[in-house]
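The values are calculated or read from the model by the stated rules, or taken from the named source; none is laboratory data. None of these values were measured; they are calculated from a predicted model. So basically every Cβ, Gly included, is an ideal-geometry build from the backbone, and we count neighbours across all protein chains shown.
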Amino acid sequence: MENLMISATNNAPEINFRVDGHFVLKGRIITENAVTTFAPLFEWIPEFSGKNVLFDINLDYINTSATMQLFAFLRILDENSSIDTITVRWFYEIDDEDHRETGEYYKEKLTRTKFEYVQSIEYK
């Protein structure tokens, strides 16, 4: 198994999923077809065999269809009993409570995944 690395574009985020269990989704998701954006993640994750996942989600914008795809992906992680711990670090701008609430909604729907909310002045 190899790391999954996809560079960001104007419409799609940087994807950096490492076999050591550190996953990064960073940038913005404004593509018209979020299924295409998330397809590589759904294809890669069945091969992942790590025990611990730290998932940094640092998105400055995510459209509605992408929020559904992200939740579906998080649910797959949450339901994977071969993973011992799953921690999501949810980055959001200080004045963007809507974005934080999206992370809180995901947390309520997932049973094993722990969430940490990280305020940032700007996305990096």
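Screening 71, 42 for residues that are at pLDDT 95 or above and within 29 Å of residue 95 (Cβ to Cβ) leaves exactly one candidate, 71.
If only residues of region 83-102 that are in a loop (DSSP other than H, G, I, E, B) and closer than 14 Å to residue 52 by Cα are counted, the one that is nearest to the chain's Cα centre (by Cα) is 83.
Of all the criteria given as (1) of a type in the set (A, V, I, L, M, F, W, C); (2) surrounded by fewer than 16 Cβ atoms within 10 Å (Cβ to Cβ); (3) in contact with a strand residue (DSSP E or B) (Cβ under 9 Å, 6 or more places away or on another chain), the one not satisfied by residue 91 is (2).
Conditions (1) touching a helix residue (DSSP H, G or I) at 6+ places or on another chain (Cβ under 7 Å); (2) within 17 Å of residue 4 (Cα to Cα); (3) part of a helix (DSSP H, G or I), marked per residue:
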position	(1), (2), (3)
32	no, no, no
39	no, yes, yes
43	no, yes, yes
54	no, yes, no
59	no, no, no
65	yes, no, yes
71	yes, no, yes
78	no, no, yes
81	no, no, no
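When the residues of region 108-124 are filtered to those that are loosely packed, with under 15 Cβ neighbours inside 10 Å and not in a loop (DSSP other than H, G, I, E, B), the one that is modelled with the lowest pLDDT is 120. Figure legend. Inter-residue proximity from region 100-117: first residues at negative phi and charged (D, E, K, R), second residues surrounded by 13 or more Cβ atoms within 10 Å (Cβ to Cβ) and part of a helix (DSSP H, G or I), beta-carbon distance below 8 Å, spacing 6+ or different chains. Indicated pairs: 109/71; 109/75; 112/78. For region 3-30, the set of residues classified as assigned to a loop (DSSP other than H, G, I, E, B) and either of a type in the set (Lys, Arg) or more than 12 Å from residue 57 (Cβ to Cβ) (or both) consists of 3, 7, 8, 9, 10, 11, 12, 18, 19, 20, 21, 30, listed by residue number.
Only a single item in (1) in contact (Cβ under 8 Å) with a residue 40 or more places away in the chain; (2) surrounded by 13 or more Cβ atoms within 10 Å (Cβ to Cβ) is not met by residue 12, and it is number (1).
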